[in-house]
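**Student:** Structure below; questions to follow.
The values are calculated or read from the model by the stated rules, or taken from the named source; none is laboratory data. Model, not experiment: these values are computed from the prediction. Counting neighbours? That spans all protein chains shown, and the Cβs are built from the backbone with ideal geometry, glycine included. When the accessible area is computed, the model is the full protein with side chains, heavy atoms only, and any ligands, DNA or RNA have been set aside. Shrake-Rupley method; radii C 1.70, N 1.55, O 1.52, S 1.80 Å.
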Amino acid sequence: MQRFVMRLVLVVVLMCLAVSEARRLGRCEVIRNFKQQGLDGYEGFKLGNYVCMAFWESKWKTHKVRSSSSEVGKDYGIFQINSFKWCDDGTAGGKNLCQMPCGDLLKDDLKASVDCLKLIVKREGLKSWETWDKYCNGRKMSRWEKGCDLKKKNAEDFSQ
(Lines give C-alpha, C1' and ligand atoms only; values in the text may rest on other atoms or scores of the structure.)
Protein backbone atom coordinates (compact mmCIF):
# COMPACT_ATOMS: atom_id res chain seq x y z
CA MET A 1 0.00 0.00 0.00
CA GLN A 2 2.85 2.36 0.85
CA ARG A 3 4.37 1.83 -2.64
CA PHE A 4 1.03 2.70 -4.21
CA VAL A 5 0.81 5.95 -2.21
CA MET A 6 4.38 6.89 -3.17
CA ARG A 7 3.62 6.28 -6.85
CA LEU A 8 0.43 8.31 -6.58
CA VAL A 9 2.32 11.20 -4.98
CA LEU A 10 4.95 11.02 -7.72
CA VAL A 11 2.27 11.10 -10.44
CA VAL A 12 0.57 14.12 -8.83
CA VAL A 13 3.91 15.99 -8.52
CA LEU A 14 4.76 15.29 -12.15
CA MET A 15 1.32 16.46 -13.27
CA CYS A 16 1.75 19.69 -11.30
CA LEU A 17 5.12 20.30 -12.92
CA ALA A 18 3.64 19.75 -16.37
CA VAL A 19 0.81 22.19 -15.65
CA SER A 20 3.24 24.84 -14.36
CA GLU A 21 5.24 24.57 -17.60
CA ALA A 22 2.11 24.85 -19.75
CA ARG A 23 0.98 28.46 -19.79
CA ARG A 24 -1.77 30.25 -21.63
CA LEU A 25 -1.26 34.00 -21.64
CA GLY A 26 -4.13 36.45 -21.24
CA ARG A 27 -5.11 38.72 -24.13
CA CYS A 28 -4.01 41.97 -22.46
CA GLU A 29 -0.76 40.36 -21.34
CA VAL A 30 -0.09 39.29 -24.94
CA ILE A 31 -0.90 42.78 -26.23
CA ARG A 32 1.39 44.53 -23.74
CA ASN A 33 4.19 42.04 -24.42
CA PHE A 34 3.91 42.38 -28.20
CA LYS A 35 3.78 46.18 -27.95
CA GLN A 36 6.83 46.26 -25.67
CA GLN A 37 8.73 44.12 -28.20
CA GLY A 38 7.94 46.46 -31.08
CA LEU A 39 5.21 44.63 -33.00
CA ASP A 40 2.76 47.57 -33.17
CA GLY A 41 3.21 48.81 -36.75
CA TYR A 42 5.97 46.30 -37.55
CA GLU A 43 6.19 45.95 -41.34
CA GLY A 44 2.99 48.02 -41.61
CA PHE A 45 0.75 45.71 -39.55
CA LYS A 46 -1.18 46.99 -36.56
CA LEU A 47 -0.72 45.18 -33.27
CA GLY A 48 -4.13 43.49 -33.51
CA ASN A 49 -2.94 41.49 -36.54
CA TYR A 50 -0.25 39.77 -34.48
CA VAL A 51 -2.56 39.21 -31.51
CA CYS A 52 -5.28 37.76 -33.76
CA MET A 53 -2.86 35.45 -35.59
CA ALA A 54 -1.31 34.20 -32.33
CA PHE A 55 -4.78 33.49 -30.93
CA TRP A 56 -5.81 31.39 -33.93
CA GLU A 57 -2.44 29.60 -34.05
CA SER A 58 -2.07 28.67 -30.38
CA LYS A 59 -4.86 30.27 -28.31
CA TRP A 60 -1.87 32.18 -26.77
CA LYS A 61 -0.31 28.99 -25.36
CA THR A 62 3.44 29.46 -25.13
CA HIS A 63 4.15 25.73 -24.80
CA LYS A 64 2.19 24.46 -27.77
CA VAL A 65 3.90 22.01 -30.13
CA ARG A 66 2.04 20.19 -32.89
CA SER A 67 2.75 18.25 -36.03
CA SER A 68 2.89 20.58 -38.99
CA SER A 69 0.05 20.75 -41.48
CA SER A 70 2.71 20.61 -44.19
CA GLU A 71 3.83 17.26 -42.71
CA VAL A 72 7.41 18.52 -42.52
CA GLY A 73 8.73 19.28 -39.04
CA LYS A 74 6.65 20.57 -36.12
CA ASP A 75 5.14 23.92 -35.21
CA TYR A 76 6.29 25.60 -31.99
CA GLY A 77 5.10 28.21 -29.52
CA ILE A 78 2.61 31.04 -29.52
CA PHE A 79 3.05 31.66 -33.29
CA GLN A 80 3.40 27.96 -34.23
CA ILE A 81 6.69 28.53 -36.07
CA ASN A 82 7.73 25.57 -38.22
CA SER A 83 10.89 23.64 -37.42
CA PHE A 84 11.72 22.66 -40.99
CA LYS A 85 12.34 26.21 -42.12
CA TRP A 86 12.75 28.45 -39.08
CA CYS A 87 14.21 26.70 -36.00
CA ASP A 88 16.26 23.63 -35.09
CA ASP A 89 14.67 20.56 -33.53
CA GLY A 90 16.72 18.02 -35.45
CA THR A 91 14.30 17.80 -38.40
CA ALA A 92 16.22 16.30 -41.33
CA GLY A 93 17.08 18.96 -43.91
CA GLY A 94 15.91 21.78 -41.61
CA LYS A 95 17.11 25.28 -42.52
CA ASN A 96 17.01 27.02 -39.07
CA LEU A 97 16.69 30.49 -40.63
CA CYS A 98 16.00 32.06 -37.21
CA GLN A 99 19.24 30.52 -35.90
CA MET A 100 17.77 29.12 -32.68
CA PRO A 101 16.67 25.87 -31.10
CA CYS A 102 12.91 25.38 -31.37
CA GLY A 103 12.74 25.04 -27.58
CA ASP A 104 13.45 28.79 -27.33
CA LEU A 105 10.06 29.39 -28.98
CA LEU A 106 8.31 27.80 -25.98
CA LYS A 107 9.45 30.39 -23.41
CA ASP A 108 6.92 32.62 -21.66
CA ASP A 109 8.94 35.82 -22.20
CA LEU A 110 8.29 35.49 -25.98
CA LYS A 111 11.54 37.25 -26.96
CA ALA A 112 12.79 34.42 -29.18
CA SER A 113 9.29 33.94 -30.65
CA VAL A 114 8.95 37.63 -31.51
CA ASP A 115 12.50 37.83 -32.92
CA CYS A 116 11.81 34.85 -35.21
CA LEU A 117 8.36 36.20 -36.14
CA LYS A 118 9.97 39.50 -37.21
CA LEU A 119 12.32 37.66 -39.57
CA ILE A 120 9.44 35.66 -41.05
CA VAL A 121 7.23 38.73 -41.50
CA LYS A 122 10.10 40.71 -43.04
CA ARG A 123 10.75 37.91 -45.56
CA GLU A 124 7.24 36.55 -46.23
CA GLY A 125 4.68 38.81 -44.56
CA LEU A 126 1.82 37.65 -42.34
CA LYS A 127 0.36 35.63 -45.23
CA SER A 128 2.92 33.02 -44.22
CA TRP A 129 0.30 32.06 -41.60
CA GLU A 130 -2.87 30.64 -43.16
CA THR A 131 -4.79 31.46 -39.98
CA TRP A 132 -3.96 35.17 -40.33
CA ASP A 133 -5.23 35.19 -43.91
CA LYS A 134 -8.37 33.23 -42.98
CA TYR A 135 -9.37 34.87 -39.67
CA CYS A 136 -7.57 38.23 -39.41
CA ASN A 137 -6.72 39.71 -42.82
CA GLY A 138 -9.13 42.47 -43.80
CA ARG A 139 -11.00 42.37 -40.47
CA LYS A 140 -11.25 45.03 -37.79
CA MET A 141 -8.20 44.53 -35.58
CA SER A 142 -8.95 47.14 -32.92
CA ARG A 143 -11.27 44.68 -31.18
CA TRP A 144 -8.25 42.64 -30.08
CA GLU A 145 -6.89 45.62 -28.11
CA LYS A 146 -10.22 46.77 -26.67
CA GLY A 147 -10.32 46.98 -22.88
CA CYS A 148 -6.55 46.66 -22.42
CA ASP A 149 -4.77 49.69 -20.98
CA LEU A 150 -1.65 49.82 -23.13
CA LYS A 151 -0.18 52.70 -21.12
CA LYS A 152 -0.25 50.70 -17.89
CA LYS A 153 2.65 48.28 -17.57
CA ASN A 154 2.03 45.54 -15.07
CA ALA A 155 5.38 44.30 -13.71
CA GLU A 156 4.10 40.74 -13.38
CA ASP A 157 3.20 40.63 -17.08
CA PHE A 158 6.86 40.83 -18.09
CA SER A 159 8.52 38.99 -15.24
CA GLN A 160 10.80 36.17 -16.19
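**Student:** Provide the packing ranking of 127-135, 57-65, 102-110, 76-84, i.e. peptides ordered by the mean count of other C-beta atoms within 10 Å per residue, highest first. Mind showing how you got there, number by number?
**Tutor:** Working: 127-135: 15.9, 57-65: 18.3, 102-110: 19.9, 76-84: 25.1.
In decreasing order of mean packing, 127-135, 57-65, 102-110, 76-84 become 76-84, 102-110, 57-65, 127-135.
**Student:** Roll a 1.4 Å probe over the protein chains and send me the accessible area per residue for the stretch 49-127 in Å².
**Tutor:** Working: 3500 Å² over 79 residues.
Per-residue value: 44 Å².
**Student:** If you don't mind, there's one more thing I want to ask. Starting from the Cα of residue 127, draw a straight line to each of the lysines and keep only those under 18 Å, dropping any in the same chain fewer than 8 residues away.
**Tutor:** Residue 127 reaches 46, 85, 118, 140.
**Student:** Could you check the spin-label model distance between residue 140 and residue 27? Points 7 Å from the Cα along Cα→Cβ, value in nm.
**Tutor:** My value for the distance between the label points is 1.3 nm.
**Student:** Given the protein chains as shown and a 1.4 Å probe, how many square angstrom of residue 88 are accessible, to the nearest 10?
**Tutor:** Here the accessible area works out near 80 Å².
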